[in-house]
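Working notes, beginning with the structure itself.
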Amino acid sequence: MAQGAAPHDKYYFTAEKMTVGYDGVPLIENIDIEIAKGEILTLIGPNGAGKSTILKTITKQLSLLGGAVYLNGEDIHKVNQKELAKQIAVMLTERIRPELMTCEDVVGTGRYPYTGSLGLLTEEDEAVVKRTMELVRISELADRDFMAISDGQRQRVMLARAICQEPELMILDEPTSFLDIRYKLEFLNILQEMSRKQGMTVVMSLHELDLAERISDKILCVRGKTIDRFGTPDEVFEPGYIDSLYELTVGSYDASSGRVELPRIEGEPEVFVISGNGTGTSFFRQLQRLSVPFATGILSQNDIDYPVASVLAANVISVPAFTFFGEGELAQARAQIDSCGCVVITLGSEATIPHELNSLLEYAAGIGKQVLSPGEYLAQRAAQA
Amino acid sequence: MSFIILGVLLIVFMILNIVKGSVDVPFSDVIAIFSGGDANEVSRQIVLSMRMPRALAAVLLGGALALSGYLLQTFFHNPLAGPFVLGISSGAKLIVAITMVFFLGFGIKMGSIAMIVAAFIGSMIAMGFVLLISKRVNNMSMLIVAGIMVGYICSAITEFIVTFADDSDIVNLHNWSLGSFSGTTWDNVGVMAVIVIITTIFVFLLSKPISAYQLSETYAANMGVNVKAFRAILVLLSSLLSACVTAFAGPISFVGIAVPQIVKNLFKSSKPLLMIPACFVGGGVFCLLCDLLARIAFAPTELSISTVTAVFGAPVVIAVMLRRRAGKMD
């Protein structure tokens, strides 16, 4: 792509063949990024893949080893640093230890590029600080010493600081790492609002894949050496891709729901679980925690119990979506029941149990297998232990 | 409010420094001397040519030291940094001693400006060493230990030179190398006033980038501070201030660390706009008090100024370290 060509008009922030690394040694080469104004770009990838390195290069903390980065069509390495300060705000993972500064003081430092030669805040600046602290809901922290608040509170103070800078582009490195789920959602909600209403562009790294998928317009997958993928969440979160990006060898990640599961217990199934309609999921996990290999069926593949069953059960007997349970599956299920110690039924009242599954229950009872509810099974296990 | 306290203390100690000494000058005489009335000629001599310049030197150099300490603490993000502990004063002392002995060999006595230039070069050399070390260690206490070692090496070489130099003027050099405000002339006061006041104004104008730098270097850069240039200026200004002190009064310990800490706690703030003037005045007050004690505690024998500053300054350093430790616990 030629420099100064049309794409700069269309995109607010672009990186062309950017090469990043430390001390002149390239870590990731040929990174291409194109995002429009007001879009949210999230960098995902395993620890040590180079997400921070990319962000540090964009903020000019590290020098660019190749290519170029454009903001609004201008090369950021050629723009005056003072001008840039009004356009780009950052939030870093680096911990700051300011002495005797209140949270309000820290937020106020965001106004730095707008203050006069002595750095005094005007009334207008104070108003921006106050408004921002209300927006991030940290007004009650205003007079607290920055060093005396929790890590999570500090992250929110630093977000307020960055917002105070009134940037067009905000760069955040793992901004939510210390936040609990409520504040994570609040935090990302603020970013989303600012990007929608004020056209603020956001580039950040996140470890929370589920949140990344929901908030991002574009996702950049970083895995050593090169960029693995760059695109919309739909393009990136294909089934199985995350497992390969993070080289998941233990457990699994379900891209469609953002659900993570610990690894299944392998081995000859000890329990046959009859479930469906979401009644089985929590019991599957309970068995996983107890280290009990189990089989389950018959599940329709669009049953909401199916995704978890498929990654936790040692054996799942299933039929494709919108098809009936056939004689083949029933035979498989009966064979599996033969080899299991007992049958657990998670479906509550008998009225909701399809007659095929009922026939399996009758079969189990017929050959003398115990048929238990999850509660009964757990009680029995506890008694044995 | 805190400024009023500092201002009152400054005036009180100024008067005490002029009145008190091996010979006490009555306060009425002092007023008479300054209002042009007639006073005892001996008193006039003592006040005008000895105590007055000496007290002014204590204020100016004390302020310069405290400010130099404040700048170094900002630079290294280390509350224990200061020109003395980092070996910068000793570096200045070494180069001054070498040049002094060298010029004495030709029978030339060094002037104020030459002394300052030599001290500045010495400061910069020592600072260079400290900077090299600081790149390799990012532990605060290690940096201080390294600085103290640099200081000891410089002092050892200075002692060596002083011991083997054969001149009667070496006696002066020896006294000077222990640190003292005695023998300050009005000419000296003039030179130091120009340098210290101009440098202090420069430092004050740096308040804004200093406040950004206090957050962190990266945030400062993001806020538009040219960090490289800023760091260089910080080093130059702090070295110039401490060089000026060393040239006129020799190395003085602990003022650079203790005063900014005390002032910070007095003002409950670290804002450079407040801290810079407050450190300066605080340093002046601190040195007036210490010089007063150095002169009158065992009069007519005079203590070296560092003996007194250490007595007051060292406990402050220990307090800071203990508080840091406690802070890490939670």
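Please verify whether region A:14-32 includes one or more residues that are in contact (Cβ under 8 Å) with a residue 12 or more places away in the chain and assigned to a helix (DSSP H, G or I).
Scanning region A:14-32 turns up no residue that is in contact (Cβ under 8 Å) with a residue 12 or more places away in the chain and assigned to a helix (DSSP H, G or I).
Just need a number here: residues in region A:163-197 that are part of a loop (DSSP other than H, G, I, E, B) and either of a type in the set (Val, Ile, Thr) or touching a residue at least 60 places away in the same chain (Cβ under 8 Å) (or both).
So the count comes out to 8.
If we keep just the residues of region A:55-79 that are of a type outside the set (Ser, Thr, Tyr) and within 8 Å of chain B (Cβ to nearest Cβ), which is least open to solvent (accessible area, probe 1.4 Å)?
Checking each candidate, the answer is A:60.
Take the residues in region B:278-307 that are in a loop (DSSP other than H, G, I, E, B) and under 15 Å from residue B:254 (Cβ atoms); name whichever of them is most open to solvent (accessible area, probe 1.4 Å).
Top of the filtered list is B:303.
Of the residues A:84, A:121, A:100, which single one is closer than 19 Å to residue A:13 by Cβ and surrounded by 16 or more Cβ atoms within 10 Å (Cβ to Cβ)?
Going through A:84, A:121, A:100 in turn, the sole match is A:84.
Kindly provide the set of residues from region A:103-143 that are at the interface with another protein chain (Cβ under 10 Å from one of its Cβ atoms), more than 30 Å from residue A:54 (Cβ to Cβ) and part of a helix (DSSP H, G or I), ordered by number.
Across region A:103-143, the qualifying residue is only A:105.
Could you tell me whether residue A:169 is modelled with pLDDT under 90 and open to solvent by less than 60 Å² (accessible area, probe 1.4 Å)?
no
Of all residues in region B:206-246, how many are of a type in the set (A, V, I, L, M), within 25 Å of residue B:89 (Cβ to Cβ) and within 14 Å of another protein chain (Cβ to nearest Cβ)?
2
Tally the residues that are under 13 Å from residue A:269 (Cα atoms), of a type in the set (Val, Ile, Thr) and open to solvent by less than 10 Å² (accessible area, probe 1.4 Å), restricting the search to region A:301-318.
Matching residues across region A:301-318 total 1.
For region A:33-54, give me each residue that is assigned to a loop (DSSP other than H, G, I, E, B) and open to solvent by 10 Å² or more (accessible area, probe 1.4 Å). First the steps, then the outcome.
From region A:33-54, those assigned to a loop (DSSP other than H, G, I, E, B) are A:36-39, A:45-50; that's our starting set.
If the condition is that a residue be assigned to a loop (DSSP other than H, G, I, E, B) and open to solvent by 10 Å² or more (accessible area, probe 1.4 Å), then A:36, A:37, A:38, A:39, A:46, A:47, A:48 are the ones that fit.
Being more than 19 Å from residue A:318 (Cβ to Cβ), aliphatic (A, V, I, L, M), touching a helix residue (DSSP H, G or I) at 6+ places or on another chain (Cβ under 8 Å) and assigned to a helix (DSSP H, G or I): is that true of residue A:378 here?
Working: more than 19 Å from residue A:318 (Cβ to Cβ): yes; aliphatic (A, V, I, L, M): yes; touching a helix residue (DSSP H, G or I) at 6+ places or on another chain (Cβ under 8 Å): yes; assigned to a helix (DSSP H, G or I): yes.
Here the answer is yes, as residue A:378 does meet what is asked.
Does region A:85-102 hold any residues that are more than 7 Å from chain B (Cβ to nearest Cβ) and part of a helix (DSSP H, G or I), and which are they?
Matches in region A:85-102: A:86, A:87.
On the basis of being open to solvent by 10 Å² or more (accessible area, probe 1.4 Å) and either at positive phi or under 20 Å from the mean Cα position of the chain (by Cα) (or both), does residue A:126 make the cut?
So residue A:126 fails the test.
Given B:253, B:269, which one is at pLDDT below 90 and farther than 30 Å from residue B:304 by Cβ?
B:269 is the lone residue from the list that is at pLDDT below 90 and farther than 30 Å from residue B:304 by Cβ.
Quickly run through region B:214-226 and pick out the residues that are more than 23 Å from the chain's Cα centre (by Cα) and either crowded, with 17+ Cβ neighbours inside 10 Å or at positive phi (or both).
Across region B:214-226, the qualifying residues are B:215, B:216, B:217, B:218, B:219, B:220, B:221, B:222, B:223, B:224, B:225.
Looking for whichever is open to solvent by less than 50 Å² (accessible area, probe 1.4 Å) and at positive phi here; the options are B:87, B:107, B:147. Which one fits?
The match here is B:87.
The values are calculated or read from the model by the stated rules, or taken from the named source; none is laboratory data. From a predicted model like this one, the values you see are computed outputs, not experimental measurements. Here Cβ is always computed from backbone atoms with ideal geometry, including for glycine, and neighbour counts include all displayed protein chains. Surface areas here come from the heavy atoms of the whole protein model, side chains and all, with no ligands, DNA or RNA. Shrake-Rupley method; radii C 1.70, N 1.55, O 1.52, S 1.80 Å.
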